[in-house]
There are 2 protein chains.
Amino acid sequence: MCRAPGVAIPAVDEPFLQQLIANGLLVPTGVAGLFGKRGDFEAIVSGIDRMVERAGADQRAESYRFPPVIARTLLERSEYLGAFPNLIGSVHSFSGDDVAHATLLHAVEQGSDWTGAFEPTQVVLTPAACYPVYGMMSGTLPTGGRTVDVMSFCFRHEPSMDPARMQAFRMHEFVRLGSADACVAFRDGWLERGTELLTSIGLTPSVAPANDPFFGRRGRLLSKTQREQSLKFEILVPITSNEHPTAVASSNWHQDHFGELFGISQANGTVAHTACVGFGLERVTLALLKTHGLTIQAWPASVRQALAL
Amino acid sequence: MCRAPGVAIPAVDEPFLQQLIANGLLVPTGVAGLFGKRGDFEAIVSGIDRMVERAGADQRAESYRFPPVIARTLLERSEYLGAFPNLIGSVHSFSGDDVAHATLLHAVEQGSDWTGAFEPTQVVLTPAACYPVYGMMSGTLPTGGRTVDVMSFCFRHEPSMDPARMQAFRMHEFVRLGSADACVAFRDGWLERGTELLTSIGLTPSVAPANDPFFGRRGRLLSKTQREQSLKFEILVPITSNEHPTAVASSNWHQDHFGELFGISQANGTVAHTACVGFGLERVTLALLKTHGLTIQAWPASVRQALAL
């Protein structure tokens, strides 16, 4: 069963990605947007992760960590299937007998699709770090609401040779649940705080209104509404292009969208609003490597100190 | 689209799991074997992770971190499909148009299977932390071989109410690639070192020969051979049962299995042998909570110190 890969290995023609691979910081896997990371890349990721956590220390957030898969029912309830069906990773598994197994192995030998006997499991890959939070918050919030700190691997099926668009990546988020006023203040406060944080490590961030990449015809309308209502903002930093900087963080007010879907109420009985801010840990890492160079020992001392490198 | 979960939430009748959920250390997700973890549970996981890393510091391992999904071609090449087809999580995605999307959403509304238009992607969930290492090692090793330190989320489709049998869990592994002698010495050395490590944090480990849970008729033969050749050993600690302790670590010599499959040669040109030792981070955490109690502040000072708690 030792066989050549059935899928062509993508050509790496993005110059920054070429450098990262040549240096060994990223390890190619044969799949676009999927990489191993060397220990020093991971040390930067960890440094940013802790820095983001420290930046939110005054918010006394409750800390939770969720796995890279969530319940299929949570995805269904979240309306993600309506908004981003193309990005989902649905997990399927085999429950056949010896005969079905022989058929599977024959398909593998032939280099053809071997998932014929696979069925959807109860889980899907985590699309965003904050989704499990809405699932666990069904019910009534205490007075003043709640603030939650989460970090997890997320998956989005969008194979790309842009190193800043990985299929599997980590997102550190703070989620605010409470009144509309509290959520707007949270979103706006984090845009400012996030900008300061990124500036403190030598990056040059800019803030811009944004919309999610909603799917299809209906999606174009959703994107327009999101922009018109100024719900989502991104903090951008140049990574692979100076003209088209990459969003390394975003801060969103969802109004009562998730409160409604997950039955989350404020202490006064009205539907809860939610907001979240998320930092893309690989993206901030890449922005630092782009800005300060691939030799971490040569980075400004203040940056290395902030990230405990 | 706000609908009740289509799948029954499993009853929690395992007493230790009931305690962990009542305490808030584990957050149920409605899926057996899938949990959120509160910050203090995660602090223990991190403490064990660093402790394992320190225990291997003298091995001067190269450190890499891989995402929770791997290339489908890597799985095919590894023979995992022959050995454990029932445990695999195959990732499928949607690439339809607006019409297919409407069909999908209708299925979601009806509570029926909505994955009809989903196709296998280039990735599957990571079955064991060490698999990506074999993929990146194709070629010739330097004299003396290589040693690699990896940690990642792994997935195994085996829904269970035993808290020590999660579907998504983290494994910290050291992988040795080189001569047969080096691999056997590595495996045996780590059994001793792992036992000392677990004893140092107040656990009472025992070592036993073991076999992997190979699938089907052919699997029974593979299991027998593995035991007869004394290739795999587990370090066990009581978690949910004193009579049937749980494997919290295992140490395996694969002989030239992976060297052959992935074309890995020793410097002298012969096929490389491999061995790995893996610590289940959630399992060691659960063993500590079972042994020392759910109030971490009341744990022995030496244990808290070792884990930086």
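Where a number appears in this text, it was derived from the coordinates with a stated rule and is not lab data. Since this is a predicted model, take the numbers as computed values, not measurements. Every residue, glycine as well, gets a Cβ built from its backbone with ideal geometry; the counts of neighbours run over all protein chains shown.
A few remarks follow.
- Summarising the amide proton neighbourhood of B:Q167: residues at separation of 5 or more, or on other chains, whose placed amide H is nearer than 5 Å comprise B:L34.
- Long-range HN-HN contacts of B:T140 with modeled amide H, under 5 Å: B:S265
- Nearest-0.05 FRET efficiency for A:S46 and B:L221, computed from C-beta distance (R0 45 Å): 0.55
- Close Lys-Lys pairs in the protein assembly as shown, where close means Cα under 28 Å and separation is 8 or more or interchain: 7
- Between copies, the label points at B:T103 (set 7 angstrom from Cα along Cα-to-Cβ) are spaced 2.1 nm, reported in nanometres from shortest to longest.
- In terms of packing, defined here as the mean over residues of other Cβ atoms within 10 angstrom, the peptides B:67-77, A:197-207, A:222-232 line up highest first as B:67-77, A:197-207, A:222-232.
- The label point for A:D181 and the one for A:S265, both projected 7 Å from the Cα toward the Cβ, are 2.1 nm apart.
- Mean silhouette area of chain A, derived from the convex hull of its C-alpha atoms and averaged over all directions, reads 18.0 nm².
- With respect to the axis relating copies A and B by rotation, the chain A residue whose beta carbon is closest, plus that distance in Å, is A:P68, 2.
- 7 Å along Cα→Cβ, label-point gaps from B:H244 to other copies, nm, shortest first: 5.6
- Alpha-carbon centroids, the stretch B:232-309 and the stretch B:136-178: separation in whole Å: 10
- In this label model, A:S138 and A:A308 are separated by 3.7 nm, measuring between points 7 Å along each Cα→Cβ vector.
- For A:P15, the point set 7 Å out from Cα toward Cβ sits 6.7 nm from its twins in the other copies, listed from shortest up.
- When the Cα convex hull of the stretch A:60-112 is projected onto planes of every orientation, the mean area is 6.7 nm².
- Normalised convex hull volume, the stretch A:198-237, alpha-carbon set, Å³ per residue: 57
- Within chain A, helix-based [θ] at 222 nm, where runs of 4 or more DSSP H residues each add -39,500 (n - 2.57), nearest 500: -11000 deg cm²/dmol
- Projecting label points 7 angstrom from Cα along Cα→Cβ for A:S241 and A:M161 puts them 1.4 nm apart.
- Whole-number Å³ per residue for the convex hull built on Cα positions in the protein assembly as shown: 158
- Here the calculated FRET efficiency for B:A102 and A:T204, from their Cβ-Cβ distance with R0 = 60 Å, stands at 0.85, rounded to the nearest 0.05.
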